[in-house]
Amino acid sequence: MLKGQMMNRPLMIADLIRHAAQNHGSRAIASRLPENHQIFSYTWAQCHDRAQQLANLLTGPFKTRPGDRVATIAWNTHRHLELYYGVSGMGGVIHTVNPRLAPDQIAWMLNHSRAKHVFFDVTFTPIIEAIAKSCKYVKKWVVLSDEAHKPEAKTKIEVYETLIANQSHEYDWPDFDENAASGLCYTSGTTGDPKGALYSHRSTVLHAMACCATDVMGVGADGVLMPVVPMFHVNAWGIPYAAAIAGAKLVLPGARMDGAGLHEMIEQEQVTYVAGVPTVWLGLLQYLRESEKRIDSIKRVLIGGAALPEALLRAFEAEFGVEMQQGWGMTEMSPLGTIGTLLPKHADISYDEQVKIKIKQGRLVYGVDMRSVDDDGQVLPRDGQSAGHIQVRGPWIIDSYYRGVGEDSFSDDGWFKTGDVGHIDPDGYMTITDRSKDVIKSGGEWISSIELENVAIGHPDVAIAGAIGLPHPKWQERPLLVIQAKPNTSPSRDSIHAFLAERLPKWWLPDGIEFVEQMPLGATGKILKSKLREMFKDYTFAVEA
Ligand code: AMP
């Protein structure tokens, strides 16, 4: 082989912020402070400055060594951003923890990752008080505030602003192997213990570069990006890194994810691009309609983490003139896999036809290789209808779980089994039809629980719908549909059944419809199917087909 003669410079996370500070130093970062909900503003240059102070704190008095895990339990703020860069930049691993998990689970994670220090927002002090004693590896608990907002606590807590104020503003970011670990994020763990995805500098930088592309997030220097997706959920989908590459303005909404709070930040900071899960947009939509307010600065909205409901897409596009974009991915994929943008050939098709494409999970991004296989591992055609188990590979896809669990998630020939079921079309658009473990197998055919749920929430009185497969003597499994009705409504079984019958094949119709006051939801707002199965484990269908 004739070797190329180009420099083999490592891809380093610290180089992203150094680039932003040097070339886009005056571009702003706005951050809502969790301690008082005020909006604070500074620049990429100041962020870099403070990330260097943090790196000095970590390597000096905090005795953090390369590879040590430094955990955060924090909202999207400028201080969290400094941790993203300061921790990884000095060679540490930033372990972002989801505060919505139960305290026991958080303690379990901090012990599993052997986190050395924990940085947390004031609002999460009760969690720290509940877990501090059982976190045996943690040396320092640091609250992300100033002295004035230091909480009263039994745990020995130090104050971020005081700690970094004493540190030098000069820090020489080291170069090291680009494959070194940079970040750690655990899956939500709706079944079994959570599993850790350990990102590297290389995977993170490549992923961030991919995010910037026009057909992906289209991040440029003129962008004003607001990740509403939390920084504890798969690196806020890479936006904090992509923004540094492009020199975009970042807007970090802190603890206020409600419609009014988001609208205020969008207006004040003139946000152009926002990203988050569908529930957040449902909240914003309701607020905008009630208050008759506008979001005219916004050009594009990225929805991911769960399917984009067609009604939400149409509402935002028609009423507010923003372009809706759907993305699909997961913790194990950094997270980006597919993202929805139309192709030139779609310019002339009707809006209704375009909507059909936009509610697919998105088009494959360069860097992610994908296939769909049947139960025997045979690769299915990319015909847009043969649904199978989705498998992926690529430079920002997990290779093995942190501390070696979940090895059956990889195929013998080196692909990661996503656990999603779907099909791919000849243009690379992927459609998710289910989670592998949620698909309802009726008489050898697959019924998509997701589609059943999506149709059911179209019923005017249904707030949330969850479909599960229950054992059936003849068909192996049949669907049970569980409904949480909208407040002050009580839809009948018959009306729901009739609504579904008009829209779905007969053999997909649920054999049972039940109602719950409150749908069991996990820490990331998704329906906890495991809990639903547990609740209905003794259920029998009234009439056997
Ligand atoms: P997480 O690792 O918590 O981000 O969850 C990843 C899972 O969320 C995926 O495997 C999918 O099952 C689901 N998911 C993510 N994005 C979408 C989407 N656009 N449509 C449907 N499901 C999605």
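The values are calculated or read from the model by the stated rules, or taken from the named source; none is laboratory data. The structure displayed is predicted, hence computed values, not measured ones. When we count neighbours, we look across all protein chains shown, and the Cβ atoms used for this are built from the backbone with ideal geometry, even at glycine. Only protein heavy atoms, including side chains, enter the accessible area calculation; ligands, DNA and RNA are left aside. Shrake-Rupley method; radii C 1.70, N 1.55, O 1.52, S 1.80 Å.
For the stretch 19-38, backbone nitrogen atoms closer than 18 Å to the point 7 Å from H169 Cα along Cα-to-C-beta are found at 19-29. Residues in the stretch 13-276 average 34 Å² of solvent-accessible surface per residue, probe 1.4 Å, ligands and nucleic acids excluded. Extending 7 Å from Cα along the Cβ direction at N488 and again at Y539 yields two label points whose distance is 2.8 nm.
Distant-in-sequence amide contacts of V516, defined by a placed amide H-H separation under 5 Å and a gap of 5 or more residues or a different chain, comprise I483, Q484, A485.
For the stretch 1-85, the set of trypsin sites (Lys or Arg not before Pro) satisfying both a DSSP loop assignment and a count of at most 15 other C-beta atoms within 10 Å is given as K3, K63.
Averaged over every viewing direction, what's the projected area of the C-alpha convex hull for the stretch 164-315? Give it in nm², one decimal, please.
12.0
Largest first, the three principal axis extents of the alpha carbons in the stretch 259-317 are 29, 22, 18 Å in whole numbers. The fraction of accessible area contributed by carbon and sulfur in the chain is 51 percent, rounded to a whole number (1.4 Å probe; ligands and nucleic acids excluded).
When only alpha carbons are used to place a centre, the stretch 338-392 and the stretch 468-541 end up 28 Å from one another.
Put a dot 7 Å past the Cα of N179, heading toward its Cβ, do the same for V516, and the two dots end up 4.4 nm apart. Computed as a quarter of the hull surface, the mean projected area of the alpha carbon convex hull for the stretch 13-276 stands at 13.2 nm².
Rounded to the nearest whole Hz, the Karplus-based 3J(HN,Hα) values (6.51 cos²θ - 1.76 cosθ + 1.60, θ = phi - 60°) of the stretch 15-20 follow the sequence 5, 5, 6, 5, 4, 4, with x at glycine and proline. Each Cα pair of the stretch 439-545 feeds into the Kirkwood radius, which the Stokes-Einstein equation turns, at 10 °C and 1.306 mPa s, into a diffusion coefficient of 114 µm²/s.
The alpha carbons of the chain give a radius of gyration and a Dmax of 23.7, 74 Å, in that order. Rounded to the nearest 10 degrees, the inclination of helix 103-113 to the longest alpha-carbon principal axis of the chain is 60 degrees. Rounded to the nearest 0.05, the FRET efficiency derived from the C-beta distance between E152 and K506 at R0 = 56 Å is 0.35. For the chain, the 222 nm mean residue ellipticity estimated from helices alone, with every DSSP H stretch of n ≥ 4 adding -39500 (n - 2.57) and the total spread over all residues, rounds to -8000 deg cm²/dmol. Given a 1.4 Å probe, how much area per residue of the stretch 440-535 is accessible, in Å²? Here the residues of the stretch 440-535 average 49 Å² of exposed surface. Restricting the GluC sites (Glu not before Pro) of the stretch 464-533 to loop positions (DSSP other than H, G, I, E, B) with no more than 16 neighbouring Cβ atoms within 10 Å leaves E502, E517.
Packing-based ranking of 285-297, 263-275 yields 263-275, 285-297, ordered from highest to lowest mean Cβ neighbour count within 10 Å. With a simple spin-label model that places each label point 7 Å from the Cα along the Cα-to-Cβ direction, the separation between S134 and S26 comes to 5.2 nm.
Beta bridges per DSSP, both residues in the stretch 1-140: antiparallel share near 35 percent. Within straight-line reach of K249, meaning a Cα separation under 16 Å, sit the following lysines at least 8 residues removed in sequence or on another chain: K299.
For the chain, the antiparallel share of DSSP beta bridges with both residues in that region comes to about 55%. Each Cα pair of the stretch 131-232 feeds into the Kirkwood radius, which the Stokes-Einstein equation turns, at 4 °C and 1.567 mPa s, into a diffusion coefficient of 72 µm²/s. Distant-in-sequence amide contacts of I440, defined by a placed amide H-H separation under 5 Å and a gap of 5 or more residues or a different chain, comprise I447, S449. Annotation: amide H of Y199 within the under-5 Å range of S182, G183, L184, C185, sequence separation 5 or more or interchain, hydrogens built in the peptide plane.
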